[in-house]
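**Q** Take a look at the following structure, please.
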Amino acid sequence: MGASKVRREDEDEEHDRDEESRGLLTPAKGFNAQRDHAALDDRGISPRDIFTAISDIKIWHILACNILSAIPVTAFSVFLPLVLAPLTNGSNPALVNLLTAPPHLCGATALFVTANYSDKYRLRLLPILCGLSIVVIGLVAVVALPPAWAIPRYLALNVLLSGSYIASPLTVAWLSGNTPSPGKRAMLMGINGWGNFAGIIAAVLYRPKYASTGYIVPFWWTLVFVAVAAFGFVLFYRNLQAENARRRAILSRWSEEAIELEIAGGSGPLAQEFPWAKRCINLLGKRDYTAWLAGWLKDATQGGREGDEKMTFTYGL
């Protein structure tokens, strides 16, 4: 009986360490995440979840990066046969379709290796940046090589596709692992789903009229978009580091009791205010037909901090 109790305690400690490594627990306290989740798991999506998801600048930042970084994989999942057609002068459609398999196999293999590394070391953003670096290398090679050099350009496309599969799945993994509140997490996943907008951009870029030049113009634009996405992820990484440092500095000035209040209900000494929301509530409340919206907004902004809003939460990188 005593041995089984010790084993259970060891398993609980190991679970807490695993949760901490994913950014769900503060390293300073190592509290049990179940306390933080108990009141959130069964409530569904609340007005606060909707409000905090929409007003969270991080989701719009990572969405923009996700759209731009997903352009290569969405483009070549549909238009790769068109890009490869000049390799056979369009005389053998069956061979062109066969040639589309190796680049996607390279992408799937690279994603498998990267995802395993990401899960093992609990890192998301650095593997994303590595994947985008591979995409940039492949794109630079494609635009630098003459269209007549069919085999080198084909090898460059394999390099390009090797890195293009990585960013989108790991973006979803980062959002899931850094949003403890189930309702807000569902909202963020829905917003991030707008990353499929990359398909529209790809359709505009890869038009048949560029076939005669080896699609050089679309490749150049894709290179620009991926480079901007990589810069955006670097900026996102730095912002998270700064936010974690800011929270550690705040917690260092708090007492143990204040930290416990923050853990339990997000009601530590630092007040959470939404000045612009308060002004909207006052303005909307003056008219009968918008009073319901004022009430909804008031419900959404009441209460303490939840999930990743708490000062005791540390964002995973």
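The values are calculated or read from the model by the stated rules, or taken from the named source; none is laboratory data. Not measured: the values here are computed from a predicted model. For neighbour counting, all protein chains shown are included, and Cβ atoms are generated from backbone atoms with ideal geometry for every residue, glycine included.
**Q** Filter segment 169-195 down to the residues that are surrounded by 22 or more Cβ atoms within 10 Å (Cβ to Cβ) and hydroxyl-bearing (Ser, Thr, Tyr), then identify the one that is nearest to residue 68 (Cα to Cα).
**A** Ranking the qualifying residues of segment 169-195, first place goes to 171.
**Q** Given the structure, is residue 210 without any contact (Cβ under 8 Å) to a residue 12 or more places away in the chain, in the same structural domain as residue 116 (by TED's automatic domain parsing), under 30 Å from residue 95 (Cα atoms) and of a type in the set (Phe, Trp, Tyr)?
**A** Details: without any contact (Cβ under 8 Å) to a residue 12 or more places away in the chain: yes; in the same structural domain as residue 116 (by TED's automatic domain parsing): yes; under 30 Å from residue 95 (Cα atoms): yes; of a type in the set (Phe, Trp, Tyr): yes.
It is true that residue 210 is without any contact (Cβ under 8 Å) to a residue 12 or more places away in the chain, in the same structural domain as residue 116 (by TED's automatic domain parsing), under 30 Å from residue 95 (Cα atoms) and of a type in the set (Phe, Trp, Tyr).
Residues are listed down the side, and each one gets a yes or a no for (1) out of contact with any Leu (no Cβ under 9 Å at 6 or more places or on another chain); (2) exposed (fewer than 15 other Cβ atoms within 10 Å of the Cβ); (3) closer than 13 Å to residue 71 by Cβ; (4) of a type in the set (Lys, Arg):
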position: 199; (1), (2), (3), (4): yes, no, yes, no
position: 209; (1), (2), (3), (4): yes, yes, no, yes
position: 218; (1), (2), (3), (4): no, no, yes, no
position: 222; (1), (2), (3), (4): no, no, yes, no
position: 228; (1), (2), (3), (4): no, yes, yes, no
position: 233; (1), (2), (3), (4): no, no, no, no
position: 238; (1), (2), (3), (4): yes, yes, no, yes
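**Q** While we're on this one: Mind telling me which of the residues 111, 126 ends up being surrounded by 13 or more Cβ atoms within 10 Å (Cβ to Cβ) and over 15 Å from the mean Cα position of the chain (by Cα)?
**A** On the way: 126 fails: over 15 Å from the mean Cα position of the chain (by Cα).
Going through 111, 126 in turn, the sole match is 111.
**Q** Name every residue in segment 251-272 that is in contact (Cβ under 8 Å) with a residue 12 or more places away in the chain, surrounded by fewer than 17 Cβ atoms within 10 Å (Cβ to Cβ) and more than 22 Å from residue 51 (Cβ to Cβ), in order of residue number.
**A** Selection gives 269 alone.
**Q** Can you give me the number of residues within segment 104-161 that are more than 17 Å from residue 71 (Cα to Cα), of a type in the set (A, V, I, L, M, F, W, C) and touching a Phe, Trp or Tyr at 6+ places or on another chain (Cβ under 6 Å)?
**A** Residues in segment 104-161 being more than 17 Å from residue 71 (Cα to Cα), of a type in the set (A, V, I, L, M, F, W, C) and touching a Phe, Trp or Tyr at 6+ places or on another chain (Cβ under 6 Å): 1 in total.
**Q** Within segment 134-182, how many residues turn out to be among the β-branched types (Val, Ile, Thr), under 25 Å from residue 306 (Cβ atoms) and not in a helix (DSSP H, G or I)?
**A** 1
**Q** I'm trying to understand the selection: among the residues of segment 292-312, which are among the hydrophobic types (A, V, I, L, M, F, W, C) and within 20 Å of residue 46 (Cβ to Cβ)?
**A** Keep residues of segment 292-312 that are among the hydrophobic types (A, V, I, L, M, F, W, C), which gives 292-294, 296-297, 300, 311.
The answer is 292, 293, 294, 296, 297, 300.
**Q** For segment 183-192, check the following and say yes or no: at least one residue is over 30 Å from residue 154 (Cβ atoms), modelled with pLDDT under 95 and not in a helix (DSSP H, G or I). Working first, answer last.
**A** Step one: list which residues in segment 183-192 are over 30 Å from residue 154 (Cβ atoms), which gives 183-192.
Keeping just the survivors that are modelled with pLDDT under 95 gives 183-192.
Imposing the further condition that a residue be not in a helix (DSSP H, G or I) reduces the set to none.
There is no residue in segment 183-192 that is over 30 Å from residue 154 (Cβ atoms), modelled with pLDDT under 95 and not in a helix (DSSP H, G or I).
**Q** What is the one condition in (1) surrounded by 19 or more Cβ atoms within 10 Å (Cβ to Cβ); (2) without any contact (Cβ under 8 Å) to a residue 40 or more places away in the chain; (3) under 23 Å from the mean Cα position of the chain (by Cα) that residue 156 does not satisfy?
**A** (3)
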